[in-house]
Amino acid sequence: MKEKPGKKAEAPKDDALFRSKNTVLDKITGTAEKRLAALKRAREMTEPDMNRWVQIGPTVIPNGQTYSDKRVNVTGRITDIVIHPNDPRTIYVGAAQGGIWKTTDGGDHWNPTSDNALSLAVGALAIDARNPQVLYVGTGEGNFAGDSQYGIGVLKSTDGGGSWNLKGEGTFKNSRFCRLCINQSTPSTVFAATTSSESPNVASGIYRSTDAGENWVRMENGLPPISSTGATDIVLDPNNSDTAYAAFWGEGIFKTTNANAANPSWSKLIQGLPSGNLTRIVIGISYSSPNTVYALMADDNYQINMFYQTNNAGNTWSQIQLNADLGQQGFYDINMAVHPQNENIVYLSGISLWKAIRNTGTNNWNFSDIGKEFHPDNHAFAFDTANPETIYAGSDGGIYKSTDGGNNWDDGINKGLCITQFEFMEQDPNGLRIIAGTQDNGTERYDGNPIWYHADDGDGGYVCIDPDQSQNVWHTYYSLSPVFSSQGGDFGTWQDLSSSIQGDTSNFYPPMTLDKTNSNNIAIGGQILYLDHSKGMGGWSDRINLNLPQNDLISAINFVNTNLIYVGTNRGHVYCVTRSGNNWTVHAIDSSPFPTDRWIWDIGTLPGDDKKIIVVLSGFNTAHVFRGEVSSGNNSATWTDISGTGNGRLPDIPGECVVIDENNASTIYVGTDLGVFRTVDSGKNWIWFSEGLPNCQVYDMRLNDSKGLLRAATHGRGMWERKVKNI
């Protein structure tokens, strides 16, 4: 069947729930000790090199999407915002996997402060109001999406973000921080609301430090056990630091009136609150009337549909009819803030940002959607410390500012934050152009300017560029959603190619690639392998069943030539797919010592010998790079671990992508959760090849041979390049 010619593609809205259920866990969870050990090992493997990695953006992506007709600047996912208490032009933001950024001029210029910190996955920020040079950062993002990475402890700065030191490493392994809260009467006392990404949970609940973050103790007297999912919020009474409220996932709200005691006692608040059918909960307390506390809750289906208020410090609660559509992503985007000077104004963060105002005469609440004009999926909110009508919102698209309580928004502050979470990339082999997919910020194009071009909306997944006609480009959103542009990816020129495969089973980002010898041929993988011989416009006529086991899906494809394809899966299976005439034959070629049950992220072939392949795997407790030598009959392979030996062995860290030098097969680059590694002796010895690169995940890479440049797409710190050849 032919795709309808000229059918314009429509970008689907981000589906964070699907993403959370359909993303490889060992890419975002794991053993913190192993990551720290791997990072320490990697830093011992560096060799001097004149060249360093250089950022090529995006500093900003104009014309990003909103849920209105307005187009705005986008950068990447903001997870928290704090404002300097005495100088509101000094602002700190935390990014999902982009670390902590600081501005001292109200957002005209931003600088990264934590690129070399042990973790760039930020869940929560807190600033000491008495000594604003002191900041705490909870690593591990508490937003529970498929790419919300685990943390390794609390980062503390005593010089305004100039340097960071890790605290609580032994306590918060694999934690995710939902909130940090400083006792402003006694700033050495800090509270944390955390969940754990390890089962059984090892660091979930409310924790307290009484020595400025050096040591942390879990609060247990009256609170849910450590086996619970964990705590999702904590607030302190601004007038009485002995009073605190904590929220626990699916459990409810708890209160203590002796928060500074040696062993605070907590009690569950029940009068007027729901006893079940709830998941994530956030709390807001009024600074002008601290007995007024609000709770916003999501139900078992993650619909944010419960809004409660107490005016007597939690003794009794009343439900407020929530006439606002906050969305069904309560595990992911939910937050709340009470106007510091008016307890009758509350800001509610969901997919959009809503403003709730109580009419004190009628006791009726009015809800208005004030977030339609900036990028959706809200996670963070802050008031200007000098003027509470100036507010800041942090979303998947970055940071936005309003100076009139949310009536109008400015995206000018959302520039200079290189925090884009790239997924996959492709480049024009003969020029500078790059096209890459991003998490919820669309598909973007680089034309040599750090201000990137917004090519398409939605989530951006795999991309392809015709090496012979670079105006022909393809990309995917999520699921089996290929689209095509014959105009270089210009916005609005994309043609939908998915009608005959849409809805079939696949990973969230199914792999898609071109035949290296004939760009009319294109492949995309789900439960089966789909091929099309007319640039994707022929209805995907070849459908090759690999007979994959249950829950096993195609995760990597190398379309070597018209008669040969290599396929990897998310359960560690490798297939050689060959064609004779019009018939395709599938050969399973994975065998010992190739590991099982590991996600295969990339497959490369050695130049000049398509019977030798390099496979990169994710996970821990395994080797991560293997060479397979395929038999002449294509029905088996001999596998060799080429992760190195002795001091030249790769650390135990998930691998994401591989690049092989086309002119020197012994030179191989691998992108990992800890940056880039290189071997020049076919895998016997590796070095950490990350000088100048932030401590971030590298999801994809390409070698621009004509320019001598290696390009790296990071998931949280944008795109980078490094000179590797003198051209």
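Numbers at a glance
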| item | result |
| --- | --- |
| Segment 59-402, relative contact order in percent, only Cα pairs under 8 angstrom and at least six apart counted | 13 |
| Fewest-first sequence of Arg722, Arg280, Arg71 by Cβ atoms within 10 Å of each Cβ | Arg71, Arg722, Arg280 |
| Relative contact order of the chain, pairs being alpha-carbon contacts under 8 Å that are 6 or more residues apart, as % | 12 |
| Residues of segment 314-355 with amide N under 19 Å of a point placed 7 Å along Cα→Cβ from Ser275 | 315-319 |
| Helix-only mean residue ellipticity at 222 nm for the chain, each DSSP H run of n ≥ 4 adding -39500 (n - 2.57), per residue, nearest 500 | -500 deg cm²/dmol |
| Equivalent ellipsoid semi-axes, segment 204-324, via Cα gyration tensor eigenvalues times 5, rooted, Å | 24, 18, 12 |
| R0 of 22 Å, Cβ-Cβ distance Asn258-Glu214: FRET efficiency to nearest 0.05 | 0.50 |
| Only Lys, Arg (+1) and Asp, Glu (-1) charged, at Cβ; segment 418-497 dipole about Cα centre in debye | 120 |
| 17 Å cut-off, amide nitrogen to a point 7 angstrom out along Asp597 Cα→Cβ, residues in segment 552-573 | 552-553, 569-573 |
| Computed E for Asp610/Ser534 - FRET, C-beta separation, R0 30 angstrom, nearest 0.05 | 0.80 |
| Among 510-517, 431-438, 107-114, the order from most to least packed when residues are scored by Cβ within 10 Å on average | 431-438, 510-517, 107-114 |
| Segment 59-402, dipole about Cα centre (Lys/Arg Cβ +1, Asp/Glu Cβ -1), debye to the nearest 20 | 260 |
| Computed label-point distance, nm, for sites Ser368 and Asn545 using a 7 Å Cα→Cβ extension | 5.8 |
| Full-extension gain in nm, Ala386 to Lys684, via 0.36 nm per residue minus C-alpha separation | 101.4 nm |
| Dipole-positive endmost among Val680, Leu155, Gly406 within the chain (Cβ charges, Cα centre) | Val680 |
| Nearest-20 debye value, the chain charge dipole, Cβ charges on Lys, Arg, Asp, Glu | 680 |
| Cα-based Rg / Dmax (Å) for the chain | 25.6, 84 |
| For a label point 7 Å along the Cα-to-beta-carbon line of Glu662, residues of segment 464-496 with backbone N under 20 Å | 464-474 |
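Bear in mind these aren't lab numbers, they're just calculated from the coordinates by the rules spelled out. All figures in this text were calculated on a predicted structure; none of them were measured in a lab. As a convention, Cβ positions derive from the backbone with ideal geometry for all residues, glycine included, and neighbour counts pool all protein chains shown.
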